[in-house]
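The values are calculated or read from the model by the stated rules, or taken from the named source; none is laboratory data. Everything numeric here is computed off the predicted structure, so don't read it as measured data. As a convention, Cβ positions derive from the backbone with ideal geometry for all residues, glycine included, and neighbour counts pool all protein chains shown.
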Amino acid sequence: MAHSMNVQSSYQLARERYAAVGVDVDHAIERLKKIAISLHCWQGDDVGGFEGGDGELGSGLAVTGNYPGRARSPEELRSDLEMAYSLIPGDHRLNLHACYGEFDGPVDRNEIGVEHFQGWIDWGKSQAVSLDFNPTFFSHPKADDGFTLSAADAGIRQFWIEHGIASRKIAAAMGKAQGNACVNNFWIPDGFKDTPASRKNPRTRLADSLDKIFSDSMNPAETLESVECKLFGIGSESYVVGSHEFYMGYAISRQKLLCLDAGHFHPTEGIADKISSVLMYVPELLLHVSRGVRWDSDHVVTYSDELQAIMQEIVRGDFLGRVHIGLDFFDASINRVAAWVIGTRNAVKAMLAALLEPTERLQQFELEGNYTARLAMMEELKSMPFGAVWDQYCEMTDTPVGMDWLAKVEQYELDVLSKR
């Protein structure tokens with residue numbers, strides 16, 4: 001009770017402080033309640049999936065660490081997710097990869113169907129968790145040479161085209177069942193380790209393959225489709241077919257969503273500045289919020305300047321209705337449930353901080369050319385009692401305040417994870 005009273009009293013003081021600079025804290029919290037982050041299923045099992053393979057990732061993907069308790073089945077993964085969701089304030093989504101279907105026996109990627117994901121659809125309904133989707137163009141013999149949709153071999157391309165088409169049908173069924181659009185994101189690992197003799201030919205083949213996949217129109221109320229770019233990867237250091245320029249052009253010309261992954265650009269390049277530019281020409285954006293360290297190493301999201309800049313740009317540009325936020329990291333060096341909780345709480349926390357800015361006032365200073373006041377207020381906001389508002393939001397959503405969540409994860413590790 002004392003803990004709750006302290007949170008309440010601190011919150012009342014914070015409300016007054018924010019009101020003094022023109023911010024309605026209660027309104028900010030109401031807006032935050034409507035914002036869903038899409039948690040990525042692959043953090044829970046090190047991007048292994050449930051196809052019954054050898055667990056080798058390939059395609060330039062790597063997970064570091066061997067922390068005990070990796071999910072080995074859909075049931076275990078769903079249990080871990082339920083634990084994570086219970087510790088994160090707000091109502092959020094789940095981002096599934098195609099390799100996480102429930103398969104009774106061998107089912108190749110071009111033969112997957114809605115039936116293999118019915119268990120996830122039913123679970124989503126029972127938990128009030130909406131689903132997003134991704135075709136899986138890696139960890140497969142037909143991706144071993146580093147090429148899928150842009151492969152020179154027409155048979156390889158056709159196989160992956162069929163996988164893309166099958167994935168579209170699954171995503172649409174998910175969206176129809178849950179009553180809101182399932183975002184279906186296309187990323188491929190295609191590229192060369194060393195300097196290519198033709199940069200044009202693979203990109204020509206990729207565009208043709210994508211056009212074949214997207215040839216039939218889909219109901220946007222059921223599924224929204226995005227394409228994801230990348231600068232380089234392990235095994236594709238010299239050339240990635242699906243570069244930023246390629247996919248930006250494709251998304252604009254075909255009016256698809258563009259996915260910007262925070263780890264898919266140069267280490268000194270942030271995605272926040274790209275948001276307003278790209279949204280002038282594409283209908284909506286998908287963001288993969290991650291933390292690259294020197295390369296696309298997909299570290300757990302921390303409360304960094306880059307994360308804050310991303311959320312600020314979404315709010316300042318009034319883009320909340322056009323931007324879908326997903327997470328993309330995988331760390332097996334720490335408790336995997338804790339990784340979800342830390343990363344997602346940070347993403348939600350950064351969004352709350354962005355909503356607590358006096359946006360109109362800042363932009364009015366800018367319009368008037370009063371850059372002194374703009375800078376002064378931006379700096380003053382950094383020491384505002386934001387933490388008190390965050391604690392109140394956690395309490396009012398029945399999620400742990402501060403680090404209280406960690407004890408629950410540690411108990412879950414003792415009771416469940418340690419016995420796997």
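Just checking, how many residues over the stretch 373-420 are among the hydrophobic types (A, V, I, L, M, F, W, C), in a helix (DSSP H, G or I) and surrounded by fewer than 13 Cβ atoms within 10 Å (Cβ to Cβ)?
The qualifying residues number 4.
Among the residues of the stretch 30-62 satisfying the criterion of being within 17 Å of the chain's Cα centre (by Cα) and assigned to a loop (DSSP other than H, G, I, E, B), which is modelled with the lowest pLDDT?
Restricting to residues being within 17 Å of the chain's Cα centre (by Cα) and assigned to a loop (DSSP other than H, G, I, E, B), the top hit is L61.
Look at F186 and say whether it is within 22 Å of H92 (Cα to Cα), in contact with a Leu (Cβ under 8 Å, 6 or more places away or on another chain) and among the aromatic types (F, W, Y).
yes
Condition first: farther than 20 Å from K256 by Cα and either touching a helix residue (DSSP H, G or I) at 6+ places or on another chain (Cβ under 9 Å) or polar (S, T, N, Q) (or both). Now tell me which residues in the stretch 304-316 satisfy that.
S304, E306, L307, Q308, A309, I310, M311, Q312, E313, V315, R316
Can you confirm whether F137 is in contact with a Ser or Thr (Cβ under 8 Å, 6 or more places away or on another chain), crowded, with 19+ Cβ neighbours inside 10 Å, modelled with pLDDT of 95 or more and assigned to a loop (DSSP other than H, G, I, E, B)?
Against the criterion (in contact with a Ser or Thr (Cβ under 8 Å, 6 or more places away or on another chain), crowded, with 19+ Cβ neighbours inside 10 Å, modelled with pLDDT of 95 or more and assigned to a loop (DSSP other than H, G, I, E, B)), F137 qualifies.
Could you pull out the residue among E269, E245 that is farther than 22 Å from Q308 by Cα, of a type in the set (D, E, K, R), out of contact with any Ser or Thr (no Cβ under 9 Å at 6 or more places or on another chain) and surrounded by fewer than 22 Cβ atoms within 10 Å (Cβ to Cβ)?
Exactly one residue qualifies, and that residue is E245.
Can you tell me how many residues in the stretch 100-114 are assigned to a loop (DSSP other than H, G, I, E, B) and either exposed (fewer than 14 other Cβ atoms within 10 Å of the Cβ) or of a type in the set (D, E, K, R) (or both)?
Residues meeting the conditions: 6.
Applying the selection to the stretch 359-372, what residues are buried (at least 17 other Cβ atoms within 10 Å of the Cβ) and of a type in the set (G, A, S)?
none
Would you mind stating whether T148 is touching a Gly at 6+ places or on another chain (Cβ under 9 Å), modelled with pLDDT of 95 or more and part of a loop (DSSP other than H, G, I, E, B)?
In short, no.
Is it the case that S167 is buried (at least 18 other Cβ atoms within 10 Å of the Cβ), under 30 Å from K125 (Cβ atoms) and hydroxyl-bearing (S, T, Y)?
When the stated conditions are applied, S167 passes them.
From G263, G233, which residue is assigned to a loop (DSSP other than H, G, I, E, B), more than 15 Å from N185 (Cα to Cα) and touching a Ser or Thr at 6+ places or on another chain (Cβ under 6 Å)?
Of G263, G233, the one residue that is assigned to a loop (DSSP other than H, G, I, E, B), more than 15 Å from N185 (Cα to Cα) and touching a Ser or Thr at 6+ places or on another chain (Cβ under 6 Å) is G263.
Looking only at the stretch 204-224, count every residue that is more than 21 Å from E162 (Cβ to Cβ) and either buried (at least 17 other Cβ atoms within 10 Å of the Cβ) or at pLDDT below 95 (or both) and tell me the total.
Matching residues across the stretch 204-224 total 1.
Go over the candidates L231, L260 one by one and state the one that is of a type in the set (A, V, I, L, M), touching a strand residue (DSSP E or B) at 6+ places or on another chain (Cβ under 7 Å) and within 25 Å of D153 (Cα to Cα).
Only one candidate passes the filter, namely L231.
How do the helices (runs of 4 or more DSSP H) wholly within the stretch 269-367 filter down when requiring 2 or more residues that are free of Cβ contacts under 8 Å to residues at least 24 places away in the same chain and hydroxyl-bearing (S, T, Y): which remain?
none
Mind checking which residues of the stretch 1-12 are within 11 Å of Q392 (Cβ to Cβ) and either under 30 Å from the mean Cα position of the chain (by Cα) or in contact (Cβ under 8 Å) with a residue 40 or more places away in the chain (or both)?
Within the stretch 1-12, S4, V7, Q8, S10, Y11 qualify.
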